[in-house]
Every structure is written in C-alpha cells, then in structure tokens.
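Have a look at the structure below, then the notes.
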Amino acid sequence: MHPLLRDDLARLPELLDETRAYAVRLLAGLDDRPAAQAPVRREPVPLPVEGTGLKGAAETFAERWEPGFAASAGPRYLGFVTGGATPAALAGDWLTGVLDQNPTSRADSTAPDLEREAASWLRELFGLPPEHQGVFVSGATMSNVAGLAVAREWLGERYGVPVAERGVAALGPVTVLSGTPHSSIGKALSLLGLGRSAIRRVDPLPGREAVDVARLADALEELGGRPAIVVANAGTVNTVDFDDLRAIAALRERHPFWLHVDAAFGAFAALSPAHAHLVDGLGEADSVCVDLHKWLNVPYSSAIQFTRRRDLQARVFANSAAAYLGPVGDDPDPVHLTPENSRRLHAVPAWFTLAAYGREGHAEVVRRDIALAELLGERIAALPGYRLLAPVRLNVVCFTLAEAPERVGELVTAITESGEAFLTPTVYDGVPALRAAFSNWRTTEADVERVAGLLGRLAP
Ligand SMILES: *Cc1c(COP(=O)(O)O)cnc(C)c1O
C-alpha cells in the first residue's frame, strides 16, 4: 500500500473527525457566508505527482476552492430553484459514500430495495396511484429524458415499430406538444434523437404560462389520429403556472398521446392543502418527472421518474447483453430501468429525510416556503420602483424594475455583490425580470425581510 494511503487508513477516525469539524464550521457559517460569489475563473494546476494525504488535500481545498463556493445550501440563495439539505438528508448523503453501494442489481445486497421503498414513499407523498412506479436518476433533466424515452417507445408500440431495436429513424417524425416547456425538454429531445424541432408550442391562456387546453385539443385534432407526445407543465419556472392536468388527460379519450408531466418542483404543491388542486390529475399522467434536490432538500444529484409502463421502460434501458446481470424479467433491477449502469445509491438521502421528518415535516417546509414567497411578493408590490409580473402562485416571485426593466442586469449584479442574497434574472413575456424562488428548509421570515430591505436599498 502506498505510504500516504497507509497513513490515512491508520488515522482514519481522527481524519474523519477533523473533516466533520470542518463541515460543522461550514454549516454554522452558512448564514453569514456570501449567498453567491462573483465568478472568478480558476485555471487548473498540474496533477500532483506526490500527493499530500487527506489532511493536505483538505487544506488545499479549504484554501483554494471553498472560499469561492456559494452558500447555495443557505437560506437566502433564491436563484434558479435550489434546495438545501436537511440534517437527515445530509447524514444520508455521507453514509451513501461510506457504504458505497452499487444498486444496479439485487445480486449482492438489499440496496435496490431501499430505492424501491423510497420510491414508493415518494409516490405516496405526491398522491400518485400504485400503478406508477418510480426510479431514481440524477436530476429532473434525466427524469425528463427517461420519461420521454418511454414515450418514444410507446409511440413505437402504436406504430408497430420496436424503437429500442430499430432506432428512432424507423419511427418517422414525432410531434411533441407543449405550452411552456422547461429548457431541459429540448435537450432531452435532442439526446433522444427526436430533435429539438419536434416541439410544437401550443399557445398558453391569455396572460398565463398554462397551456390553453382548447388549443391543445385543436393541435391534436390536426394530427388526424397520429399518436403524439404531450408534455404538460406542473410549475413553470418563471411564474409557477400549472397546466390543467385533468382536462389534458381527458383529451386522451379522443386523441392518442402519451402524457408526460414535468412536475420538477410543482409536484410539491400536493403537500399544501391550499395548493394541492394545482396538481389535480397528476396521477393520470403516463410519466412524471420530479426533482428531489430542489424542494425535497436532499443534496445533488437526485430526482425521480415515475411511469405506468415499466415494461416499456425496461425495453428502452435493458442492459440485457451482460450475462452476469441476469434476465430483465417482470421485476427488473435498476440497471434495466435508467440510463446509467453502475451508479451511486441515489435514494439514501431521500430515504433518510422522509424517515426523519415524514410527510408532515416536509409539508411544513413546503407550506412555509409558499408563505415566504407570498410575503416577499407583498413586500415587493409595496416597494416603490418595483412591479410584480405575475401573482405569486406557489414559491416563486417574478418581478421587475417598474420604470427601468432594462436595468435588471445591474440590479442582479448589485444583489450578488451584496452577498446577502442571490436571485437569478429571466425574461418573462419579453420583459427582463428577476425571480426569487423559495425551496430551502432553512429560510425564515427574517430572511425575507432582509431581502426586501436589500431590494428597497438597491431600488434605482
Ligand atoms: C429544474 C427543472 C428541470 C431540470 O432539473 P435539473 O435537476 O436541473 O436537471 C426540469 N424541469 C423543471 C420544471 C425544472 O424546474
């Protein structure tokens, strides 16, 4: 054994204690750490030939890298849609690395069954019917990829073309209808060989991001009975608008289509009694995407993908040529259900946080974040110089500078430089705007007042 490895092994308890103490200091400082850092490009240094052992590596990391990291796990990082990590999720994440399981098959451990349990808990959490079965992937983009891959196979089934065997070219052109799809849908279609141009945007309702279901019905009618894919959106990123899922699902009585719902963070509306109606009909979908590293507050990388057609999913992702992995069968191992073969046991942090806080604990986070978004919305509506661009429907406040929307970029920079908060810019309905997205379990009213105070001071 290399002497540095031998030394680290001998001192492992002590070294891990030091790492733990460092982690505790970082977490204790999360509230005071700048929410985001103005990005500075760091060039790579040459590969160390002689290493420095864990202690030396940790020192280099603490000196060279950690100071440039954002407080994205902290309470006033309101950019994108970013969750933190609950205490239990964090502990679960550590233990994932400690046990280092590869959950591809059931040949050597119960690890895949932990994923099955966590997936069934999540299915219950979002109120999906038992026909939906979930698998863990690395993020909502991969969940959309996997869901749309199953959709592609379903189209093949309708046309009598086994796409997984013959390739997407055998399928011919595919139409994907959607109102306000997330950018990752285009990426997924590119990756799946369906092409970004397969998307046909259907007009939303006036002044909304939710699709106009009558127009969607017209677009399906125009296909003249050709099967299609409909991507419904449950929680758009700018204004968190929701398609009418039940009405869309009902269109399947007259038109053949696969209904994929991107509910990356919108699915969590199911946990708030006042908002659960927004995801009414989610269980009717053929496939559903939900991110977990957003509102479940587990560390990156974690998302879940549900579908009613696991048989088609296994056709797409079967790794059947490897004799040592065994047959796909009726109850396929994870290796036959997702893009990866070997991978991390993604489900552990989700399992820990659900075991630790249960449905009620997570519902409290969701309800609180929604209330905080509403509070910031009220504060911004009352601030001179600002204007809300949409009502606060769930956990995002979308707003702009009332007199000078073109100066939003400067405002974003000033907010970032203050270190107090981080918000991301967007363009909504042609207007440069900002979004404040609440999905962290740590955020409190005091944080909202701090952000409102900051916006007041920075108003032009
Ligand atoms: C965040 C998000 C995605 C993509 O999620 P990643 O975890 O970044 O891959 C997809 N759809 C919606 C609606 C999202 O909010």
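The values are calculated or read from the model by the stated rules, or taken from the named source; none is laboratory data. From a predicted model like this one, the values you see are computed outputs, not experimental measurements. Please note: Cβ atoms are built from the backbone with ideal geometry, for glycine as well, and neighbour counts cover all protein chains shown.
Points worth noting:
- Looking only at residues in region 274-316 that are farther than 23 Å from I248 by Cβ, more than 19 Å from the chain's Cα centre (by Cα) and not basic (K, R), the one that is farthest from the ligand (Cβ to nearest atom) is D311.
- For region 317-346, a residue qualifies if it is more than 16 Å from the ligand (Cβ to nearest atom) and closer than 17 Å to T141 by Cα, and the qualifying residues are F317, L337.
- Selection from region 253-273 of residues that are in a loop (DSSP other than H, G, I, E, B) and within 16 Å of the ligand (Cβ to nearest atom): A263, A264, F265
- Answer residue from region 216-252, given it is without any contact (Cβ under 8 Å) to a residue 24 or more places away in the chain and more than 25 Å from A276 (Cα to Cα) and is farthest from the ligand (Cβ to nearest atom) among those: G224
- Qualifying residue in region 155-162 (condition: crowded, with 21+ Cβ neighbours inside 10 Å, within 15 Å of the ligand (Cβ to nearest atom), assigned to a helix (DSSP H, G or I) and of a type in the set (A, V, I, L, M)): no
- Residue tally, condition buried (at least 16 other Cβ atoms within 10 Å of the Cβ) and more than 20 Å from the chain's Cα centre (by Cα), over region 435-449: 2
- Unique residue being modelled with pLDDT of 95 or more, out of contact with any Lys or Arg (no Cβ under 7 Å at 6 or more places or on another chain) and surrounded by 18 or more Cβ atoms within 10 Å (Cβ to Cβ) when the list is L423, L455: L455
- Tallying residues that are charged (D, E, K, R) and under 11 Å from G235 (Cβ atoms) within region 251-270 yields 1.
- Any chance A62 is small (G, A, S), part of a helix (DSSP H, G or I) and touching an Asp or Glu at 6+ places or on another chain (Cβ under 9 Å): no
- Qualifying residue in region 207-218 (condition: assigned by TED's automatic domain parsing to the domain that holds Y159, of a type in the set (D, E) and part of a helix (DSSP H, G or I)): yes
- A single entry from S184, S143, S190 fulfils the requirement of being touching a Cys at 6+ places or on another chain (Cβ under 7 Å) and either part of a loop (DSSP other than H, G, I, E, B) or within 16 Å of the ligand (Cβ to nearest atom) (or both): S143.
- Residue selection: A247 fails the criterion of being at negative phi, part of a loop (DSSP other than H, G, I, E, B) and either buried (at least 24 other Cβ atoms within 10 Å of the Cβ) or at pLDDT 95 or above (or both).
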